[in-house]
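Report on the structure given below.
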Amino acid sequence: MLGSLLFMNCQSRKYKDVVYGQSSAKENLKLNVFVPNHSENNKLPVLIFVHGGNWNSGNKNQYGFFGRNFAKKDVITIIPDYTLSPKANVDQMTTEIAEVIKWVQNNISKYHGDSSRLFVTGHSAGAQLVASAVLNPKFGVDEDSISGIILNDGAGIDMKDYLQKYPPTYEDDYLATWSTDPQNWYEASPINFLNEKSPPFLIYVGAKTYPSITTANEHFLKKLNQFQPDIKPIIINKKHIPMVLQYFFPWNNRSTEIVNFMKKNRK
């Protein structure tokens, strides 16, 4: 079943609240699918976008602009919800994002998508979740099945380093999200699972973002360059939240860069 067709304009269709799995509390997990009009007889590239919100806030319906604008560029776009802290910890959230990826691989052909041209992206906490879901083998996603990873001002990509310096407290539900166990911090830090088989990366960092994000991205790039020496971050003169809000405008340069990245790395 494709899900309910809620929105259609001259350039895209939105299928809302498609069930992709169940949470550990047995609640339905849902996603929205944005499909370019006139997609029939095509096999289009696919982009999964995972929202941020410090692992304890946000929802898929806040980011319809992202899905519509990429659909205008002939990219099928998936925007999922996931269980937020304190109802879920980071391991459970990442498991759900891995389920999104597997659902897309098994079902996107129904929407005229090409599962062999599958890219993932996330902003802030969403960047940590998509990177962990792909890179950490415990979540069961084959790295070779992902054509590329786009990190947008990624938070938590070297979380063990951060939490060793600033141990989690109840503030922002960090104890519920991360626990006090350094092994959990290690498992949730994508930097620790980079290897020669990791998909190609496109990385954006805000010039005015939080110092912790700047530091984590510096660490991540240093490790990544051992395997992908030509990758350099694209620095954008923005604060953290505007790094995702810029996608509100169809003419933004980031969308064009991402589509070009997808074309370059098609399998």
Per residue of the chain, what 222 nm ellipticity follows from adding -39500 (n - 2.57) for every DSSP H run with n ≥ 4, rounded to the nearest 500? -9000 deg cm²/dmol
For a quick check of your reading of the filter: which trypsin sites (Lys or Arg not before Pro) in the stretch 55-115 sit in a DSSP loop and have no more than 16 other Cβ atoms within 10 Å? Lys87
With a bin width of 5 angstrom, please list the P(r) values of the stretch 122-267 as percents of all Cα-Cα pairs, from the 0 bin to the one holding the largest distance. 2, 10, 18, 23, 21, 15, 8, 3, 1
In whole Hz and in residue order, list the ³J(HN,Hα) couplings for the stretch 218-225 that follow from phi through the Karplus curve 6.51 cos²θ - 1.76 cosθ + 1.60, θ = phi - 60°; x for Gly and Pro. 4, 4, 4, 5, 4, 6, 4, 5
Which log10 I(q)/I(0) values, to two decimals, does the stretch 205-267 give at q = 0.17, 0.24 Å⁻¹ under the Debye formula with one point per Cα? -0.74, -1.12
The local net charge around Ser109, scoring Lys/Arg +1 and Asp/Glu -1 for residues other than Ser109 whose Cβ lies under 15 Å from its Cβ, equals +2
In the P(r) worked out for the stretch 1-111, what percent of Cα pairs fall beyond 17 Å? 51
Within the stretch 63-171, chymotrypsin sites (Phe, Trp or Tyr not before Pro) in DSSP loop having at most 13 other beta-carbon neighbours inside 10 Å: Tyr170
Residues Ile76, Ile235, Ile101, Ile203, sorted so that the one with the fewest Cβ neighbours within 10 Å comes first: Ile235, Ile203, Ile101, Ile76
Between Gln62 and Lys239, Cβ-based FRET efficiency (R0 22 Å, step 0.05) works out to 0.80
Label model pair Ser24, Lys110: point-to-point distance (7 angstrom along the Cα→beta-carbon line) in nm is 2.8
Helix 90-107 vs. the chain, principal-axis angle (Cα, 0 to 90°, nearest 10): 20
Out of residues 5 or more away from Tyr20 or on other chains, whose amide H comes under 5 Å of its own, with H placed 1.01 Å from N in the peptide plane? Leu29, Lys30, Leu31
Around Ile231, with a cut-off of 12 angstrom between Cβ atoms, what is the net charge of the other residues, counting Lys and Arg +1 and Asp and Glu -1? +2
How big is the C-alpha Rg of the stretch 175-237 next to the rule-of-thumb value 2.2 N^0.38 Å, as a ratio? 1.26
Explain nothing, just compute: Karplus ³J(HN,Hα) = 6.51 cos²θ - 1.76 cosθ + 1.60, θ = phi - 60°, for every residue of the stretch 237-245 in order, whole Hz, x for Gly and Pro. 7, 9, 7, 5, 5, x, 5, 9, 5
Can you list the HN-Hα couplings for the stretch 136-150, worked out from phi with the Karplus curve (6.51, -1.76, 1.60; θ = phi - 60°), rounded to whole Hz and with x for Gly and Pro? 7, x, 5, 8, x, 9, 6, 4, 5, 8, 10, 7, x, 10, 10
State the three equivalent ellipsoid semi-axes of the chain, derived from the C-alpha gyration tensor as the square roots of 5 times its eigenvalues, in descending order and whole Å. 27, 21, 17
Return the loop-located GluC sites (Glu not before Pro) in the stretch 175-267 (DSSP other than H, G, I, E, B) with at most 15 other Cβ atoms within 10 Å of their own Cβ; answer none if there are none. Glu196
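Here, each number is a calculation from the coordinates, and none is a lab measurement. Not measured: the values here are computed from a predicted model. Note: ideal-geometry Cβ built from the backbone for every residue, glycine included; neighbour counts use all protein chains shown.
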